[in-house]
Amino acid sequence: MSSDYDATEFIDGDLEGRPSTHSGAAALQLPRAPTREEVDSRVAETQQKLAELRRAQEQLEKERAALEETRRRQAEFQTGRQEMIQNLTRGVGLLQEAEFSARRDAEQMSKALVDLRDALSKVEAIHEETWTKDNFNVELTRGLTAIENARMEWNSARLKFQVLSGATGTPEAPGVSVEKNGVAGLSNCSFSQLCKMGLALTWPVATVIALGFALLALLHLHK
């Protein structure tokens, strides 16, 4: 066996002259740098997308503002509707009560007017020039009675209607007038004033009764 070793015996000459396949594939996979035209195109596309987004944002802002205005108007409608229902309901009730009170006051005023006219006609019907010596006492008693009845009607009407006392403005309801001016006024009056008021209201009746007794006495004396 030869002891000389030849290293070239194990080298394939075909493989040495062939380029490496792995190195070529790696060289083909490297990214290519973008050109200026490509960069300009990408910039233009990005700006266009931003402009579209701005337009979309503006449109959404307009829609949001319109919705908020609609919500505000709906809230205003609901609040105003509820407020007016409450006010109108209360107003209708108050006016109905005031109308009823006014009608009642008008009826009472009409009745008082009839009574005053009747009292006036009775007082005006007294003609003392027609009295004679025989009927003087009787006619005088009748005349005093008519005058006292008229005074009672007058005092009663004055308590009910302030306009008869010289007050201006719309006359109040009889009940309200008595409550406000009668009760409140009486609470501020002294004892002597209360006595005078009581005497003013009761003495006409007492006078009529006294005159009646006097008339009966005179008739008894003539007999």
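The values are calculated or read from the model by the stated rules, or taken from the named source; none is laboratory data. The structure presented is a predicted model; accordingly, all values stated were derived computationally and were not measured. Note that each Cβ is placed from the backbone with ideal geometry, even for glycine, and that neighbours are counted across all protein chains shown.
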Name the one entry in THR21, THR35, THR79, THR89 that is exposed (fewer than 10 other Cβ atoms within 10 Å of the Cβ) and either in contact with a helix residue (DSSP H, G or I) (Cβ under 8 Å, 6 or more places away or on another chain) or modelled with pLDDT of 85 or more (or both). THR35
Reported set for region 152-167 where residues are surrounded by fewer than 16 Cβ atoms within 10 Å (Cβ to Cβ) and basic (Lys, Arg) is ARG158
Tell me, which residue of region 34-76 that is among the β-branched types (Val, Ile, Thr) and assigned to a helix (DSSP H, G or I) is nearest to the chain's Cα centre (by Cα)? THR70
Please go through region 126-168 and pick out each residue that is over 23 Å from ASP115 (Cβ atoms), not hydrophobic (A, V, I, L, M, F, W, C) and not in a helix (DSSP H, G or I). THR132, LYS133, ASP134, ASN135, THR168
